[in-house]
1. What number do you get for the range 1-154 when its Cα radius of gyration is normalised by 2.2 N^0.38 Å, N = residues?
2. Quick one: plug the Kirkwood hydrodynamic radius of the range 350-432 (C-alpha pairs) into Stokes-Einstein at 37 °C, 0.692 mPa s, and report D in µm²/s.
3. Can you show me the helix-derived [θ] at 222 nm for the chain, built from DSSP H runs with n ≥ 4 at -39,500 (n - 2.57) apiece and divided by the number of residues, rounded to the nearest 500.
4. Of the cross-linked pairs K154/K209; K109/K251; K125/K154; K109/K154; K6/K209, which ones have a Cα-Cα span greater than 31 Å in the structure shown?
5. Evaluate the charge dipole of the range 135-208 about its Cα centre and quote only its size in Debye, nearest 20, assuming +1 on the Cβ of each Lys and Arg and -1 on the Cβ of each Asp and Glu.
6. Once the other residues with Cβ under 15 Å from the Cβ of R271 are scored (Lys, Arg +1; Asp, Glu -1), what is the net sum?
7. Report, to two decimal places, the Cα Rg of the range 28-106 normalised by 2.2 N^0.38 Å (N = number of residues).
8. As an exercise, find the ratio Rg/Rh for the range 133-209 from alpha-carbon atoms, using the Kirkwood inverse-distance average for Rh.
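Nothing in this text is a laboratory measurement; each read-out follows from the coordinates by a stated rule. A quick note: this is a predicted structure, and the numbers were derived from the prediction, not measured. Using ideal geometry, Cβ is built from the backbone for each residue, glycine included, and neighbour counts are taken over all protein chains shown.
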Amino acid sequence: MTESGKPLKVAVLGCGSVGSQVVRLLQEQATDLAARVGSPVELVGVAVRRLDAAREVEVPEGLLTTDAEGLVSRGDIDVVVEVIGGIEPARSLILSALEHGASVVSANKALLAEDGPTLFEAAEKAGRDLYYEAAVAGAIPILRPLRESLAGDKVTRVLGIVNGTTNFILDKMDTSGAGFADALEEAQALGYAEADPTADVEGFDAAAKAAILASLAFHTRVTDADVYREGIAEVSATDVASAREMNCVVKLLAICELREQPDGEEAVSVRVHPAMIPRSHPLASVREAYNAVFVESEAAGQLMFYGPGAGGSPTASAVLGDLVTVARNRRNDVRGPGESSYADRAVLPMGEARTRYHVAIDVDDRAGVLATVATAFAEHGVSIRTVRQEGRDDDAQLVVVSHEATDAQLSATVAHLQGMDSVREVSSVMRVEGGAE
């Protein structure tokens, strides 16, 4: 147990948009943090790549260093805050920090999704904490409720909007009728999207977060390689308009769910892709760059967590929340909960995931076409929920919404349709989520 008046020493790795706000909060809230922790919290070092880089906050003289390894291996650091991101050198620095006796608070979703088990095992071996609330949804408290508040419950589904950039783009497409390129350009102009938006618009960011959510919710190791990923670059203004006609909205969703298998065992399905959801669903009202996570569990029922999912200050808020918890644990010589992977459930391939499809099919406008299209669905075991015809002659189109089936069945149906003489083109294919069957 640390003495009551002895300062707890904190080192911060990185001083970008998040790290600078962590440094600011550590200084501005020093008195409150000491009261909450039970001991003073002392910032003893901030590791950066360049000493002369411009920063959002002024770092006290003598704290900046380019020797990150030397900082984490000092042996007298109580908590290391890692906000540099990426895989290396973050992984090596976290492992070194744990080996030298520090607990770790991280916001590194990519590293946790790729190699979380290595970090958890190192923390367990060292007898130290590894907390990472800020890795998934900025200021939104979602990991701790999954790990602690719902520890006595059984979570069955997690459905989330966990990327603010894509939500902003899709929201603008819905409200203004803009195409993807124009909405992306606006997002970049406003600072919601990077100059290279690939990680966001192609779903990599959301997939990493989905892996972390699924691991916690279902007590099973899930990595980003296990997550089916599809971005929003192919979502068109026509897709968004079609969703509006169904009283739906298009969102990029992280979907994590338990599925009972034919043998009675439960398996985990984890996927990220754009989907239509009813406007009556709570996630449909999540606008602009906000995030939200919708959780379903057996005892608690339906819960939703909502708020800013990114940005320096919101993310720093989550980091400081973890820091206070870890510092309290350190002061009292205890550990918080570590990795929970006891269930060790299988992770299903995307083909076994069950969903519904909205399929727009450009067809020849002649008798019997609807019957042949319906036959194609039936041959692959996919039941049609609704079908309507739009346009005439060269503009004839069938819009089909299926009942739930495996993704493999639905994909085979689409491939069948694309090879039919009466089908000119399958012009749009989108999954449908969040509504009653």
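1. 1.03
2. Answer, rounded: 262 µm²/s.
3. Rounded to the nearest 500, the figure is -10500 deg cm²/dmol.
4. K6/K209
5. Roughly 580 debye, rounded to the nearest 20.
6. -2
7. In units of the globular-protein estimate, the range 28-106 measures up at 1.14.
8. That ratio equals 1.08.
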